[in-house]
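Reading through the structure tokens given below for one structure.
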Amino acid sequence: MSKNIKNSCINEFDSTALNENKAIKLILKSITGKIGDEIIDIKNALGRVLYQNIKSHINIPSFKNSAMDGYAVNIKNLKKNNYSLNEIATSFAGKPYNKKLKNKETVKVMTGALIPDNADAVIMKEMTINKGKEIKFKENIKKNQNIRFVGEDIKKSSIVLKKGDTINYVNLSILSSIGIKKIEVFKKPVISFFSTGDELISINKKLTKGKIYDSNRYLLHGLLSGLPVIINDMGVAIDKESIIIKKLRECEKISNLIITTGGVSVGDADYIRDALNKIGRINFWKISIKPGRPLAYGKIGKSFFFGLPGNPVSAAVTFELFVMPAINKILGLKQKTKIIIKAKTVSEIRKKKGRVEYKRACLIQNKKGSFVKISGLQGSNILTSLSKANCYIRLASNVNVIKKDSVVDVIPFSEEI
Ligand code: AMP
Ligand code: MG
């Protein structure tokens, strides 16, 4: 097959390659339509995205209660310099004492127990001395101390969670605290993927000369596993246009999103773009970043499509940068902003001008500040330097030599290093 030289990926200053931010904007703009919703039990809702606003039908706390084990008092009943009261009852959490306090009376209260209506302070048990039912204390009492008020956490009729919020363990606790058992969430989109390449063999088989194990499907499986999506591993397609088309059509019937790896560049065995042009459409296929320049984005029927590069590191980087925002949009999630830290380089770094580069690196923070060091060879095939890294250094398009001790932008992989 002839490949158009104008479309070549060889030129570093490829003017037809889209810049990263433009590409993300285009992707997000193109993703419209709804995946729909379903009602699920909150027990199964961890990681799911809310399709509804959640309104509380009760106040939390729903009754005035004690924040301490101690004694509920009415400050008006305390005579100056004579802090002595009679314990007339006990109020337990779940077994309340409902009457009002009279002069010289106090009620022993447990944490979370209802306190008398006219009580306006709770004295910690540790601050009191009791002789039988006579309770003495010296403490200077402040009005409202150690009292939890009605609605101080959640007000009745207020919105506690919003459409687009992800259910985490705190939200599970909030939902149950207001008595909600079932919620409406976005349906799980189906994400299908397959690898392309004549060289790929399954990890169950013996490696023969010229072949490699297919690692990209495991990479994608790992990247998708924590997300509220249905993962559909469609295996491997050989480098043949008709076979790729057949697999894409199978995926298209059942998927919201299709991801392939490999075969997206300009080599003689790269058929993804031709296949897409025949059965769908390509919005763009080149981005001015490294690793990961050949990246096809398009649509087949109703399925959005990403053709990621075959090199594993490029596939990982482009997934994070471009596929993740697309999945967030499909899921109805707000887009997340990456944390960027400034750190000093411990050695000189070089890159070519004309593209943004993501270098795999290690961020170290100590008393002297934040420092960053390249984590190994930077070829797009070198997975071990990605495995050793805890961050990317993001280098702008217009720089080429970054001297030792320069301050650079670092994107940590997680909030802990
Ligand atoms: P391609 O994008 O198809 O030209 O592939 C670029 C490089 O990535 C080649 O060295 C391929 O052998 C390698 N590669 C492609 N697919 C995979 C895969 N699924 N697992 C590991 N390496 C791959
Ligand atoms: Mg290939």
(request) Please give the peptides 127-136, 342-351 ranked by average Cβ packing (other Cβ atoms within 10 Å per residue), highest first, as a rough proxy for protection. (result) 342-351, 127-136
(request) Convert each backbone phi in the stretch 345-356 into a coupling constant with the Karplus relation 6.51 cos²θ - 1.76 cosθ + 1.60 (shift: θ = phi - 60°), then list the ³J(HN,Hα) values in order as whole Hz, x for Gly and Pro. (result) 6, 8, 8, 5, 10, 10, 8, 8, 6, x, 8, 6
(message) Could you tell me the extents of the chain's C-alpha atoms along the three principal axes, largest first, rounded to whole Å?
(response) 98, 53, 42
(message) Based on alpha-carbon centroids, what's the gap between the stretch 358-400 and the stretch 257-283 in Å, whole number please?
(response) 30
(message) If packing is taken as the average number of other Cβ atoms within 10 Å across a peptide's residues, how do 120-126, 254-260 rank, most packed first?
(response) 254-260, 120-126
(request) Using a Gaussian network model of the chain whose springs link C-alpha atoms within less than 10 Å, name the residue from V190, V170, V372 with the highest mean-square fluctuation. (result) V170
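Applying a 10 Å radius around every beta-carbon, put 301-310, 240-249 in order of their mean neighbour count, most first. Please list the in-between numbers first.
Numbers: 301-310: 23.1, 240-249: 17.4.
Highest-to-lowest ranking by the protection proxy: 301-310, 240-249.
Please tell me which of these pairs span more than 18 angstrom C-alpha to C-alpha: K22/K247; K76/K100; K344/K368; K100/K142; K25/K299? Each step should come with its number before you reach the end.
Numbers: K22/K247 30 Å; K76/K100 13 Å; K344/K368 11 Å; K100/K142 20 Å; K25/K299 16 Å.
Among K22/K247; K76/K100; K344/K368; K100/K142; K25/K299, the Cα-Cα distance tops 18 Å for K22/K247; K100/K142.
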(request) Run through all the Cα pairs of the stretch 155-265 and give the fraction in each 10 Å bin from 0, expressed as whole percent. (result) 12, 32, 23, 15, 12, 5, 1
(message) Could you work out the pair-distance distribution P(r) of the stretch 65-148 from its alpha-carbon pairs, with 10 angstrom bin width and percents rounded to whole numbers?
(response) 21, 61, 18, 0
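Cβ under 11 Å from V229's Cβ, V229 left aside: what net charge do those residues give with Lys, Arg +1 and Asp, Glu -1? Don't skip to the answer; put the middle values down first.
Numbers: positive: R48, K187, K188; negative: none.
After counting each charged neighbour, the total is +3.
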(request) Name the long-range amide H neighbours of I287: under 5 Å, sequence gap of 5 or more, or other chain; modelled H, no Pro or chain starts. (result) L18, L295
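Just so you know, all these numbers are worked out from the coordinates, no wet-lab data involved. Everything quoted here is computed from the prediction, not taken from an experiment. As a convention, Cβ positions derive from the backbone with ideal geometry for all residues, glycine included, and neighbour counts pool all protein chains shown.
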